[in-house]
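The values are calculated or read from the model by the stated rules, or taken from the named source; none is laboratory data. Being a predicted model, the structure only gives us computed values, none of them experimental. In this analysis, Cβ positions are derived from the backbone assuming ideal geometry, glycine residues included, and neighbour counts consider all displayed protein chains. Each accessible area value is taken on the protein alone, full model and side chains, heavy atoms only, with ligands, DNA and RNA left out. Shrake-Rupley method; radii C 1.70, N 1.55, O 1.52, S 1.80 Å.
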Amino acid sequence: MVRSTTIARASDALPLAASVDDEQTETALQEHKQQAKLIFRRINAHSEPRCSIESGSYTLHYLISDGVIYLTIAEKSYPRKLAFLYLDELAREFWNSYGAKVETTRKPYAFVGFDTFMSKTARLYSDTRAADAAAAASESNLDKLNGELQDVTRIMTKNMEELLWRGDSLDRMSHLSTSLRSESEKYRKAARQINIDAMIRKYAPIGGVVFFLLIIIWWRFF
């Protein structure tokens, strides 16, 4: 199943939106999220527009569309075609909602509100049988997608080497590691803020109703 998703601007790897992941997922995917940040940094105009990179028990799938990178971390057994259908759906909705603002924003996670759509769509694609049934409604698109994904394993191996390790000296890798630790702490704080914002959006209306009822009770009886 899809475990975590991040959307970033291709030109400078600025994170634009991300799924709100629980603490257990954050811990389990810590190394893979670091790899995702390196992938964002390495992507350029010559990068494959669709790619899957196997890493341990997970696979990182990314799609580049209109200057935006959509990357999801999924379990290795999760079907590639469904992972890319999921990313295609995110890409369409994100561009329709925020496309005009992508190039001008300077704030990381400026489109945090997109998590609602990501969560809903991830739930839809979490059941592979249900997702396959939904995908069957557009078989022509699937045929096209399968054509684009031919021989993708070979491309993945090549991209893993070129994107993450090839051509880096030990000094360069040391610098990247230090920089990554610093950025990881910064984005961890941003992720905590995303969780807080999500909780506020979820429980603020309930809190407002309770507060209103308390005022009425106090006014009537005191």
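Tabulated data for the structure shown
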{"item": "Contacts under 9 angstrom Cβ, first residue in segment 78-93 being under 13 Å from Met118 (Cβ atoms), partner open to solvent by 10 Å² or more (accessible area, probe 1.4 Å) and basic (Lys, Arg), 6 or more apart", "result": "Leu87/Arg50"}
{"item": "Every residue from segment 66-99 that is of a type in the set (Phe, Trp, Tyr), under 17 Å from Leu16 (Cα atoms) and assigned to a helix (DSSP H, G or I)", "result": "Phe94, Trp95, Tyr98"}
{"item": "Residue, farthest from the chain's Cα centre (by Cα), within segment 70-86, restricted to residues that are farther than 19 Å from Leu29 by Cα and open to solvent by less than 10 Å² (accessible area, probe 1.4 Å)", "result": "Leu82"}
{"item": "Of residues in segment 1-50 being of a type in the set (Ser, Thr, Tyr) and free of Cβ contacts under 8 Å to residues at least 40 places away in the same chain, the one farthest from Tyr70 (Cα to Cα)", "result": "Thr27"}
